[in-house]
Structure formats: structure tokens, C-alpha cells
Amino acid sequence: MAAIGKIRSWGPVLATIIGLALFAFIAEEMFRSCEATSNERRQQVGEVLGKKISVQEFQNLVDEYQSVIKMTRGSDNLSDEELAQIRDQVWQTYVNNTILEAEAAKLGLTVTDAELQAILKEGTNPMLKQTPFVNQQTGLFDVTQLTKFIAEYQKVKEQPGQQQVAEQYKQLYDYWKFIEKTLRQNTLAQKYQTLLSQCLLSNPVSARAAFDAQNVESNIILASIPYSSIKDSEVQVSDADVKAKYNEQKGMYRQYVESRDIKYVDFQVLPSDADRKALLNTLTEAQQKLESGAAPADIVRKAQSQVAYTGLAATRQAFPSDIAVKIDSMQVGQVTAPFETKYDNTLNVVKLIAKVQLPDSVEYRQIQVGGTTADEAHTRADSIFTALKGGADFEAIAKTYGQTAEKQWMTSAMYQQAQNIDSDTKSYIETLNTLGAGELKNLEFSQGNIVLQVTQRKAMVTKYDVAIIKHTIDFSKDTYSAAYNKFSQYVSENKTLEGLEKNADKFGFRVQERKDIFSSEHNVVGLRATREAMKWIFDAKAGQVSPLYECGSNDHLLVIALTNIHKEGYRDMADIEEQLKQQVINDKKFDVAAGKLKGVASIDAARQKGAVVDSVRQITFSAPVFVQSTGSSEPALSGAVAATKEGTFSAAPVKGNGGAYLFQVISRGEREGAKYDEKQQQQQLQQQALQAASRYMNELYLKADVVDNRYLFF
């Protein structure tokens, strides 16, 4: 019994221990759950209608579209700006298709395989004409070519040792699958739009009203009292007035996506005087060497010019515009002194080595001659060349060596933008440019020979052999280090916005402001490489100051202070208080103006009350009239004029954007040359309704609870 009593005496302690253990267990599970949710969120690019898309899924869509772009362009090089555009387009397409598929599912709309096959057989869809499966005779998509390709692709996949061919086939197959998917999505969208269009009808009454609104013109005498003529001190605005205006217009200030306001200091590192002097010395030395006759290729390379020297003459279109202007007025052999070009921030030296007349286009044919050894190839080529010189048929000899000797064209644009040209290629191009029509040449290379014949030469143009040294005026490491240390000191000594603003002048910096930054933007205040700064902005709290960011093209230093957060929903009245206050002031100024015009029944009487009088012609209901005296566009005035009979004075002052108005309608009539066609007018109204309906996606988007977290990843 004593033992039981002792255990009972420990009861509260045991209960506490057990309770703490249970709490720890529950807290641990809760922490794990929260951590898993947080990790999942960090891997999500976004969400549409509750459907989440991971960064890997989104990247797969980007890669798919990127491959399509590269294939259609025939180029693998995409700029950062182009990649950003691709990501935007992929995201917008994903959002639109997700929303559309959900809406279509509610209505039972689908695109069947049979419908898709019918589109392919018809072959007229513009997307299909972008594919390689187009019949060259009809200009239409040929589904039999597609079927043949898919069958060949399946065979190539199964054949061993065809990896390179299979990869080429796969690229084209993936391209086709993208076209097919997009075609299906577009067809579904067209179905939805067609269904929506059937809800939009026109009628003869609305057609006539629309025609009159566009073509019935009124000429008036207008009396205006501009709000600007009334002093602000003549009206009193209270907080209650501003709040009432906010409540009246609250629906206009709905914000569907969160935005943030910042103040920031952006400092661009620029070359110092010492940097410019060092570069000038380098270019002056290069100028002197070019003048002395040193090899231009070596001088250009050692000076690290942006424009390589190939030794080939080129048209002026091949050169930067500042260089092209220079060479027009230069003499052969002349070397310029170093000169600066502001628009591309460079120092330049130019030597005009030669100026020649050469064809812009050359037609030629060739026979490539090989052998088991280079000597054998040279000997064989000599015999071919001798035979051709003796009158042998070029095509017949080419066929003997398994070649067609098909004629082809070489243009200046094909080679003159190249940065590097080897000696064999240079010799080949120079030969084509200098041979006359019908002339032959036996070109000897280390691996064999090429026997060339030029058949035509066209468009003789001036070409220039130019050595160009173009070097960006860059800052040195020492200059950047000094700028970084100064900016770093400024940031470290000022951890608050107040400090940043107070001491900016002391350090020679300027605090700037940017309102309403959205996470969908690609950069901060137009600077490249600011993804980390963007992430900070949307993770920070109001009042916080960021760390120092190195950004731009490694030439900008940035610090940011977050000043305000605008959550999704209605904007706070404080954010738009000045705008609201101005509207209230205009309302009260209208009351003052209307009071002055009270009882006025003629234009002359209005003039005596201080109104500005002028005539305004050709006013229509469909277009807001612009009033010169107030500098405002006034749709309310257009409506009031249309509702007033010809010869009648307005019944009451009209409240406009820039003033109060009274008017008299002097004349009214149909616009000269206007002719009413009921059928055509109804078609126009139908088209306008369809255009308005095409914006349905905006409405669906607002209801789709779209979450865009791309700024976390790209």
C-alpha cells in the first residue's frame, strides 16, 4: 500500500513527463511535415487551378520548345533575352492550356484522334506548313510523307550501329510531336472560342445605333471652365472625402498579384582616367606597328581586338558602322589615330590595306580529287586540269569520279562575317573571287586537290581589306576593387533605409525608387544577373536592407531596401491617397464651376461668368472629344452632345475630366461619304463582339488561383 501511495504521489510528475514526451513526438512529426511541405514548395515553379508544376517538369517543357526554336532557326545560339522570352511563352502556354482544358472538360469538349487525322489529311493548317513534310508541288502538308518518316524512324531505332542517324531522326520526331501537341491544343481552343461566339449576336437596331455613333457628327459652341482656373485653396478636402472616394472606386483598385516597392542604390563601375590612358597607349603602339608594315594579323590579335583579321576583302556591310564610315574616306595604306566610338564604348584603330573591285556573287562548279596519298591526288588533279584545259567536258569527268559538278553560288555574305578563316579556306575564297567567268584553277591542299571553274560573276562591288583594332574601354581590376570597397563600406555602415538615404551624398551615390515590382519580372530595375536580388525582395520584410549584390555585366553594384508590400487584394488607401485626393479636388472644383454656371441659359451668359468659349466640330458619340481649353479627352461631353437636340442649349453643366462644360448644338448631320449597309454593320458588330470575347482567358485567369514562383529558379 505504501508503494502504491508513493506511486500516486508521483502522479503529477509522471503525467507531465508523459505529456512532454507526447508533445515532442507530435512536434517532431509536425516539423517533418512542415519541412517536407517547404521542400516541396521550393521545387514548385507554380500552380494553376490547384495543379502544381515542378521545376523539372517546367524545364522539360522549356527544353522541348527550345529544341524546336533551334531546329527552325538552324542555330544553337540563343541569347539570355531569348531564353527569358522562351520561358515566358512556355509558362503562358502552360497556364492557358491548363485553364482551357479544365473549362473544356466541364463542357465535354475534346479533340479526337479522328479529328486530328482529318486536319492532317486536309493539310491546310498554317502550323503544318512549318514542318518538313510539305509537298513542294502543291505547297500543302503531305500526310503520306509524315507516315513514311515515322515508319523509317521506327526502323532506324531498331537498327544497331545507327546511333548518329537515329539521333537526327529523333530530333525531327520530337519536333513533330511538339507540332502535333500544339495543333491539338489550338484546335481545342478554337472549339471553345467557336462555342463562345455563338452566344454573341447582332441585330438591325444595334447595327443602326453603332453606325450613327460612328458617323453622325455634331458641331457645337462650347463654354468651358477649366479646373485649372480654380485655385486649390478655394476647395477644402477632408480625410472623410478621400475615404468616401476610395469606397466609391474600390473595385478599380483590385490587385490580383502581390507587388513590392523598393528603394535602391545602383552604382555602375566605369573605367578610370588611368584605365583609359593605358588602353590609349596600347592602341597607339598598335597604330605605330601597323604604320611600320608589321603583319596586321599579329597586331590585331595581340591588341585583343573584337574584330579578327582574316585577310579577305569584304563589303562595307561586313564592318561595324563606325568603321564603315571611316574607310569610305581613307586612302589605301592609311592608318587612323586611335578614336573613340561612344555608342559601343570602344577605342579603335583602322588600317586600309587594299580596296578592290570584286563580284558580290560567284557561280562555280568543282571536282574534288583525292587519292591514297597526297602525291597521288596531286598527280590525278593535274591530269584532270590538263584535260579540262584541252576542252574535255567538265560534268563528264566529274561523273567519272562519282560527282555531279552541280553549279552553286557563293556570296560575300557567306564568308565575310567569319571571325576565323584558315589558310586553305582563304585561298579557296580568293580563287573564286578572282577567277574570270569560264576560267579554271587547280587548287592544291595538304589532303588533296579541288579543280574549280567559275561559270558566272555578278554585281561587281567595292571590297576592302581592313585591319581593325576595336577594344572596349574597360575598367581595370584595381578600379573595380576600389569601387567595390567604397560601395561595401557604404552598405556596411548603413544598415537601414534612413542611413542609406542620409549618407548617399557623402559617398557620391543616389537613392532611387521603384514601385510595384512583380515576381514575374526577369530582373531588378533593368539590371542583368539579379535573380538573387529578386528572391531577396520577395522574401524580405518591409524595412529590411539587402546585402550587396554584384550584377549587370559584372559592372554594377546594388543594394536594396524594401519599403512596402502590396498583398493580393485591394490596394491600401494610403498607396493611392494622392490620386484619390486629386479626384476629390476635381469633384469640388466642378461644384464651384457648376455654381458659377447655375442658371446660365446661353453661351454669352456663360462667357460673362468667365467661361472660355470655342467651337468644336465633328463630335461623334463613339469617340471622346478633345477639348483644347482644358487639354482633356472628354467622353462624357461626347455622350451629352449626342443626347442633345440640334439647336438646343445644354440643360446642365457637364462634369468632365478637365473642366465643367455648357454647349449649344449648332448643326448635326451624317459624315460625308458615309453609307449605311445593315449587313456589313452587323458583321462588324459581330467581329467586335468576338474580339471582346477573345479576352475570356483574362477572366478565367483571374479565377484560376495562378501562383508564379519562376523567380526562385530563373
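The values are calculated or read from the model by the stated rules, or taken from the named source; none is laboratory data. Being a predicted model, the structure only gives us computed values, none of them experimental. With ideal geometry, Cβ positions are generated from the backbone for all residues, glycine too; neighbour counts draw on all protein chains shown. Remember, those area values only see protein heavy atoms, side chains included, never the ligands or the DNA or RNA. Shrake-Rupley method; radii C 1.70, N 1.55, O 1.52, S 1.80 Å.
Here residue 49 and residue 462 are evaluated by their C-beta separation; at R0 = 45 Å the FRET efficiency comes out at 0.10.
In this simple spin-label approximation, residue 542 and residue 667 carry label points 7 Å from Cα along the Cα→Cβ vector, and these lie 6.0 nm apart.
What is region 407-449 by shape, rounded, prolate or oblate, if you read a ≥ b ≥ c off the alpha carbon gyration tensor as root eigenvalues and call it rounded for a/c under 1.5, prolate for a/b larger than b/c, and oblate otherwise? Cα axes put region 407-449 in the oblate bin.
Computed over region 528-593, the percent of Cα pairs more than 15 Å apart is 67.
Annotation: lysines with alpha-carbon distance below 17 angstrom to residue 541 (same-chain offsets under eight excluded): 263, 495, 515, 567. Where only DSSP H runs of four or more residues are counted, the chain gives -15000 deg cm²/dmol as its mean residue ellipticity at 222 nm, each run worth -39500 (n - 2.57). Relative contact order, whole percent, for region 263-404 stands at 17, derived from Cα pairs under 8 Å and 6 or more residues apart.
Its residues counted as N, region 588-714 yields a C-alpha radius of gyration over 2.2 N^0.38 Å of 1.57. Placing dummy labels 7 Å off each Cα toward the beta-carbon, the span from residue 276 to residue 700 is 5.8 nm. Can you grab the distance from the C-alpha centre of region 579-658 to the C-alpha centre of region 454-500, Å, no decimals? Cα centroid of region 579-658 versus Cα centroid of region 454-500: 56 Å apart.
Leaving out same-chain residues fewer than 8 places away, which lysines sit with a Cα under 28 Å from that of residue 289? Leaving aside lysines fewer than 8 places away in the same chain, those within reach of residue 289 are 277, 302, 326, 342, 351, 355, 426, 463, 470, 477.
With all pairs of different C-alpha atoms in the average, the Kirkwood value for the hydrodynamic radius of region 205-280 is 21.2 Å. The alpha-carbon atoms of the chain define a convex hull whose volume equals 406 cubic angstrom per residue. Per-residue extension of 0.36 nm, minus the Cα-Cα distance of residue 648 and residue 683, leaves a gain of 9.1 nm for this segment. Run the paramagnetic zone check for residue 201: 7 angstrom along Cα to Cβ, then residues of region 655-687 with backbone nitrogen under 16 Å. In region 655-687, the label zone of residue 201 (backbone N under 16 Å from the point 7 Å along Cα→Cβ) covers 682-683, 685-687. Does region 515-560 classify as rounded, prolate or oblate by the C-alpha gyration tensor (a ≥ b ≥ c root eigenvalues; a/c under 1.5 gives rounded; else a/b over b/c gives prolate, otherwise oblate)? Oblate. By the compact-protein rule of thumb, 2.2 N^0.38 Å, the alpha-carbon radius of gyration of region 472-566 corresponds to a ratio of 1.11. Taking square-rooted eigenvalues a ≥ b ≥ c of the alpha carbon gyration tensor, is region 81-136 rounded, prolate or oblate, where a/c under 1.5 means rounded and, failing that, a/b exceeding b/c means prolate? Taking the square roots of the gyration eigenvalues as a ≥ b ≥ c, region 81-136 is oblate.
Surface composition of the chain: carbon plus sulfur atoms hold 50% of the accessible area, using a 1.4 angstrom probe and ignoring ligands, DNA and RNA. Converting the Cα gyration tensor eigenvalues of region 176-218 into ellipsoid dimensions via √(5λ) gives semi-axes, longest first, of 40, 13, 5 Å. Of the trypsin sites (Lys or Arg not before Pro) found in region 257-315, no site is in coil according to DSSP while having at most 11 other Cβ atoms within 10 Å of its Cβ. The simple Förster model, with R0 at 25 Å and r as the Cβ-Cβ distance, assigns residue 518 and residue 82 a FRET efficiency of 0.75. Here the relative contact order of region 600-714, from alpha carbon pairs under 8 Å that lie six or more residues apart, stands at 16 percent. Determine, from the Cβ-Cβ distance of residue 486 and residue 163 and an R0 of 60 Å, the FRET efficiency 1/(1 + (r/R0)^6), rounded to the nearest 0.05. Calculated value: 0.60. Compared with the alpha-carbon gap, the fully stretched path from residue 573 to residue 136 is longer by 150.9 nm at 0.36 nm per residue. Under 12 Å from a label point set 7 Å out along the Cα-to-Cβ vector of residue 234, the amide N atoms of region 641-671 belong to 660.
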